[in-house]
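*Asks:* Right, I'll just put the structure down here and ask away after.
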Amino acid sequence: MEYRVNLALPAELNRFEEAGLNIAKCFNCGTCTAMCSLTEGERSFPRRMIRYAQLGLEERLLESAEPWLCYYCGECSKTCPREAQPGELMMALRRWLTTKYDFTGLSRRLYLSHAWEAGLLAGVALLVLALFLLPGWLGVPFGFAAITPEAAEHVRLDLFAPRHVIHIADWVLAAFLLVFLGVNAIRMIYYVRRGHRDRQTRLSDWLGQAHQLIVHGVTQKHWRGCEKEERRRWLFHVLLVSGYATMFLLVVVFLGSFQRDDADFHWTALFGYYATATLMGVTLAFMRDRVKKRAEISKYSHVTDWMFLVLLFLTSLSGILLHLARLLDLPWPTYVLYVVHLMIAVPMLVVEVPFGKWLHLVFRPVSEYLTAVAHASESRGVQKATVRVVPATQRP
């Protein structure tokens, strides 16, 4: 297989990070690979990925799952004799690959233009506001136009934001996310499998390793193989994902019980409290790390890293304030906070999740799955090759 060389690739990758990379600093000594606790078998990152980048082998990078198998513990950057920041290069590669998998081109604009990111987020937020301000656009009472004298005296979310309307909107949003995340994942699979065209995989290989998607999507268990100090970040990451998944299920599946007018206790509130506390606590911890810059992963913060944390924190904060206003039966603060909450949450879901940093939650388990499928196929081939047929006349 022949590959074209893209001499502009090093400069291109430099646009996707904040550390001021100079790939030419690396003389491929292999210290980074030797220090990486996750290096095994064919995993020789980040050394191989750096070499591909230096040589301008864009297609080889596209066909590699290795950038997503790195959890950025920072040991490679700490021990690099040339201070070439190999860990940050792997992060830049993941951002660059995200733009290659995205068929819309929005990921590239978000990573390379702060104005585009701010403009898209603001545009979606204003659209949400407009939906609550426009009277009668649904043909049913909705938004501020639906506030009756009774609703102005006591909280009536069932009039301001009818559950059946919001529930339909939630399912539309979930379908939107499923389509874009699914298509990007399929494009990733296409590129990576193109790099393993010499390996014959069977349907049994794909089905037999399907559980890897769930295992790694939920636990990110290989992260625990990094240095001990990284296990704290692994735990925080698991808590963050569990909190986000819990809140997503409450809003999309259990909205009928979760969105209430009265102050009576319902079991869904417990899960809501857990999700809110987890999201706020973990995002604050991650923001503190990025301010103090103690860990390698926190030393160089891209704008998208901060946007990811800030939007998630504000979504949680506005949600708990909305809940308190409802419990205190404060109608207008409740309605205003409801809109503000959606003006933060919806842009995050529409813009950041399918096109920004959130995509690693999909690409990392998919990369682990593809690696497991490749290993299963290779193991089957080895076993087949080692079978020796002995003629009956030579058998004892």
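*Asks:* Can you tally the net charge around R15? Count Lys and Arg as +1, Asp and Glu as -1, for every other residue whose Cβ sits under 15 Å from the Cβ of R15.
*Replies:* Working: positive: R94, R95, K100, R108, R109; negative: E12, E17, E18, E58, E88, E117.
Taking every Cβ under 15 Å from that of R15, the sum is -1.
*Asks:* Also, I was wondering about something else. With the cut-off at 1.5 for a/c, could you classify segment 240-353 from its C-alpha gyration tensor as rounded, prolate or oblate?
*Replies:* Values: a/c = 2.17, a/b = 1.97, b/c = 1.10.
Prolate.
*Asks:* Given a Förster distance of 41 angstrom, what is the FRET efficiency for V336 paired with L235, based on the Cβ-Cβ distance and rounded to 0.05?
*Replies:* The pair V336/L235 has a calculated efficiency of 0.70.
*Asks:* Sticking with this structure for a sec: Can you tell me the order of 149-161, 299-311 when each peptide is scored by its average per-residue count of other Cβ atoms within 10 angstrom, highest first?
*Replies:* Top of the packing list down: 299-311, 149-161.
*Asks:* So, in nm, how far is label R197 from label W267 when the simple model puts each one 7 Å beyond its Cα toward the Cβ?
*Replies:* Result: 5.4 nm between the two label points.
*Asks:* Compute the distance in nm between two label points, each set 7 Å from the Cα along the Cα-to-Cβ direction, one at A174 and one at L317.
*Replies:* Rounded to a tenth, the inter-label distance reads 2.9 nm.
*Asks:* Highest first, please rank the peptides 24-33, 45-54, 85-94 by the mean number of other Cβ atoms sitting within 10 Å of their residues.
*Replies:* So the peptides 24-33, 45-54, 85-94, ranked by packing, come out 85-94, 45-54, 24-33.
*Asks:* Rounded to the nearest 500, what is the chain's calculated 222 nm mean residue ellipticity when only DSSP H runs of at least 4 contribute -39500 (n - 2.57) each, over all residues? Write down the numbers at each step before the final one.
*Replies:* Details: 21 runs with 257 residues, N = 396.
Taking each H run of at least 4 residues, the total per residue is -20500 deg cm²/dmol.
*Asks:* Please give the FRET efficiency for H164 paired with S301, using the beta carbon to beta carbon distance and R0 = 45 Å, rounded to the nearest 0.05.
*Replies:* Working from the Cβ atoms, E equals 0.60.
*Asks:* List the Cys residues of the chain that have no partner Cys with a C-beta closer than 4.7 Å.
*Replies:* C26, C29, C36, C70, C80
*Asks:* Quick one: which of 239-248, 354-363 comes out on top by average Cβ neighbours within 10 Å, and what's the full order, highest first?
*Replies:* 354-363, 239-248
*Asks:* According to a simple spin-label model (label point 7 Å from Cα along Cα-to-Cβ), what is the distance in nm between A145 and A122?
*Replies:* 2.7 nm
*Asks:* OK, next. Set the Förster radius R0 to 25 Å, insert the Cβ-Cβ distance between V310 and V183 as r into 1/(1 + (r/R0)^6), and round the FRET efficiency to 0.05.
*Replies:* The formula returns an efficiency of 0.35 here.
*Asks:* Sticking with this structure for a sec: How would segment 126-226 be classified by its alpha-carbon gyration tensor: rounded, prolate or oblate, with rounded meaning a/c under 1.5 and the a/b versus b/c comparison settling the rest?
*Replies:* Working: a/c = 4.01, a/b = 2.84, b/c = 1.41.
Here segment 126-226 falls in the prolate category.
Read the figures in this text as sums done on the coordinates, not as results from a lab. Small disclaimer: the values here were computed from a predicted structure and weren't measured. When we count neighbours, we look across all protein chains shown, and the Cβ atoms used for this are built from the backbone with ideal geometry, even at glycine.
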